[in-house]
Amino acid sequence: MSTEHSAALDGLQLDVAVIGAGVGGLYALYAMKNKLGLNAQGFDEADDVGGTWYWNRYPGCRVDTESTVYTYSFDLDMFQNWQWSERYAQQEEVQAYLSAVADKHDLKSSINFGTRIAKADWLEEEGQWQLTTKTGEKIKARYVIESVGLLSSSYAPSFPDQDKFKGEVLVSSKWPKENPDLSDKRVAVIGTGSTGIQVITSLAGKVKHLHVLQRTPQWVVPLGIGPFPQDTRERIKKDPKGYRDWALDTASVFGFQESTTPALSVSEEERQAIYEAAWQKGNGFEFLLGTFSDLVVTPEANKTATDFIKSKIDAIVKDPDTARKLTPTDYYAKRPLAADNYYAVYNRDDVSLHDVKTNQIERFTENGLIIGGEEVELDVVIMATGFDAMTGNYLKIDTTGRDGVKLKDEWSDGPHTYAGLAVSGFPNLLMVFGPFSPFTSQPLVHEWQVDYFTDLIEKAEEVNGVIDVEKSAQEDWVGICQEGMAGTLFEVTDSWINGANIPGKPRTSMWYMGGMSNYMVEMNKIRDEGYRGFEISKSRVPCLEDQE
Ligand code: N01
């Protein structure tokens, strides 16, 4: 990031400032420039596009969503013809894809890289926002679009005496560009979530010794890494819009149709066959949502899935004590994990599993870590310890809305938004995939949301208006989301989904759990009723064009 004040940036006046140059931010910038013809610029701390894919370049990093739905559909030609090489694209390929989209649509020239927006203040008298960068430049924009990433605000705990360690501490979500050579190193991985299992399966057998420091085991199924499926390629090529509409019309937008069959409505034999087929095919979301309809709502149904995965752990892992340590005791109701050959890793002599819930990580030494009173000698410690999800990056920007109200105060008991798009009292601030968005895969949903608020901005522009949200509509939305979450096992299972992973963070619902298909129905109804719940009031200042 630039540490110098930029005179060129200071005093910049824009129609729209887009914060974040990841999947959502790039499309928002495209939409503002090309669909609305507004004077829009992007801002990102990184020195390239990519968002979370720019920062997460750790060993083994790849999407665990089918590449088919990890693609924009607004450019139908690219949607049809982009040649993903694998069913689950690796980080380099996602980064190359996003870069190619940005190049094709000439977006990079409108992005201020190396620029972190630290503060946002609504200027009521001017009807616009003032943004302040980390290095003090002030920019004004009538609209601010925050596309700051639901899983982008890194969380890495520090342990006592960390500064004494002579080796290296690496954070997976801030991985060094010059990918360090770990081949002759003794490496510890802290964390066994989606990131941890990718790092672990990627490094096992490729480093001198791998120590897995596991606090809570998770249910892991195979991913099914392989070439991009030819039949899907042909299906998209033939009817790209049809494929996009079909994917969006599912609940989770992961490129498969969710099951409508309850787990206990079929015989034991049939159930085992369905689980076995899903295990062979791979994909965590498909295992959780595509096998049966009630795994995330009914404890008895959930147990049929966990019994099946437990039987796989017992069959794969040779040492019974290691198998026991790897077996979770909670519901299969976190963000589902998938990695090929995960459990087999623990049969290797050069991999050790440490249960750090029982034998805690006490402190660093010069030569490694004290775990349960004993020193484990290490050269490298990798923190795969997750993110301050959903709210983290919004709250990193010191945001003040109408009447001097701070976003951090409005969200002190958890986030409040209207449909994941806007917050009452914070006018002309639109969010891509803000809290209380649907619990889905990302890119197609980002596009849908951006298209939705692009229409709203267009409507506001027609009357030189300012968009705000009725508090009552916002709280109704939050209520619907809380009710939806309360009906699921996600609510009672600790994870980043409900904020339980961050010490001190309010544990609360942050999602619309009704699925994307219902979200679209609801949002279209809101639009058809004159954008019910949104308020467009006349701005006191003329738009830029009229000022000139
Ligand atoms: O983070 P996590 P993640 N001492 O929060 C452990 C997306 N993503 O980065 O469970 C010891 O799931 C923590 O332990 P516990 C994806 O949506 C996607 O892995 O809290 N351990 C846990 O094991 C994913 O779900 C992709 O007891 C500590 C781990 O760190 C989301 O990001 C790839 C600890 C954190 O797991 C987050 O995944 C990567 C401590 N003090 C990420 N603090 C793909 O698309 C934390 N832990 C493939």
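Some notes on this structure:
- Distance histogram for the stretch 1-160 (every C-alpha pair counted, 10 angstrom bins, percent rounded to whole numbers): 10, 37, 33, 16, 4, 0
- With R₀ fixed at 60 Å, the C-beta to C-beta distance from GLU475 to ASP319 puts the FRET efficiency at about 0.70.
- In Hz, Karplus ³J(HN,Hα) per residue of the stretch 358-371 (6.51, -1.76, 1.60; θ = phi - 60°; x = Gly, Pro): 7, 10, 6, 6, 8, 5, 7, 10, 4, 10, x, 10, 8, 10
- Stretching GLN83 away from ARG527 to a fully extended chain increases their span by 156.2 nm, per 0.36 nm per residue minus the current alpha-carbon distance.
- Normalised by 2.2 N^0.38 Å, where N counts its residues, the alpha-carbon radius of gyration of the stretch 424-548 equals 1.21.
- Between LYS35 and GLU374, the FRET efficiency from the beta-carbon distance, with R0 = 45 Å, is close to 0.15.
- A cut-off of 5 Å between modelled amide H atoms, ignoring neighbours fewer than 5 places along the same chain, links ILE371 with GLU362, VAL376.
- The helix-only estimate of mean residue ellipticity at 222 nm for the chain, built from DSSP H runs of length n ≥ 4 each weighted as -39500 (n - 2.57), is -8500 deg cm²/dmol after division by the residue total.
- Charged side chains reduced to their Cβ positions (Lys and Arg at +1, Asp and Glu at -1) give the chain a dipole of some 740 debye around its Cα centre.
- Scanning residues 5 or more positions from SER293 or on other chains, those with amide H under 5 Å from its amide H are THR261, ALA263, with H placed 1.01 Å from N in the peptide plane.
- Angle between the chain longest axis and helix 268-281 axis [Cα atoms, degrees, rounded to 10]: 70 degrees
- Residues whose placed amide H lies under 5 Å from that of ARG62, excluding near-sequence neighbours: GLN91
- Whole-percent P(r), the stretch 141-196, all Cα pairs, 5 Å bins from 0: 4, 11, 19, 22, 18, 9, 6, 5, 4, 2, 0.
- One way to sum up the overall shape of the stretch 290-340 is the equivalent ellipsoid from its Cα gyration tensor, whose semi-axes run 22, 11, 10 Å, largest first.
- Between the stretch 81-159 and the stretch 476-497, the alpha-carbon center distance in angstrom: 28 Å
- Based on Cα contacts under 8 Å between residues 6+ apart, the chain shows a relative contact order of 19 percent.
- Relative packing of peptides 143-151, 369-377, 221-229, 16-24 - highest average C-beta neighbours within 10 Å first: 16-24, 143-151, 221-229, 369-377
- Net lengthening on full extension, LYS241/ARG507 (0.36 nm per residue, minus Cα-Cα): 91.9 nm
- Reported to the nearest whole Å, the Cα centre-to-centre distance from the stretch 330-360 to the stretch 211-225 is 4.
- Contour minus Cα-Cα distance for ALA7 and LYS119 (0.36 nm per residue): 38.5 nm
- The stretch 135-269: C-alpha gyration tensor shape, a/c 1.5 cut-off, then a/b vs b/c: oblate
- If you wrap the chain in the convex hull of its Cα atoms and look at it from every side, the mean projected area works out to 25.2 nm².
- Inter-label distance for VAL297 and LYS281, nm, one decimal - labels placed 7 Å from Cα along Cα-to-Cβ: 2.1 nm
- Karplus-based coupling profile of the stretch 189-194, in residue order and whole Hz: 10, 9, x, 10, x, 3, with θ = phi - 60° in 6.51 cos²θ - 1.76 cosθ + 1.60 and x standing for Gly or Pro.
- Estimated FRET transfer efficiency when R0 is 56 angstrom, pair SER265-ALA100 (beta carbons, to 0.05): 0.75
- 3J(HN,Hα) from dihedral phi, the stretch 127-139, Karplus parametrisation 6.51/-1.76/1.60, rounded to Hz, x for glycine, proline: x, 8, 9, 10, 9, 10, 7, 4, 9, x, 6, 10, 10
- In loop segments of the stretch 191-283 as defined by DSSP, the trypsin sites (Lys or Arg not before Pro) with at most 14 further C-beta atoms inside 10 Å of their C-beta are LYS206, LYS208.
Each reported figure results from applying straightforward, stated rules to the coordinates on display, with no laboratory input. Since the structure is predicted, the reported quantities are computational estimates derived from the model, not experimental observations. Using ideal geometry, Cβ is built from the backbone for each residue, glycine included, and neighbour counts are taken over all protein chains shown.
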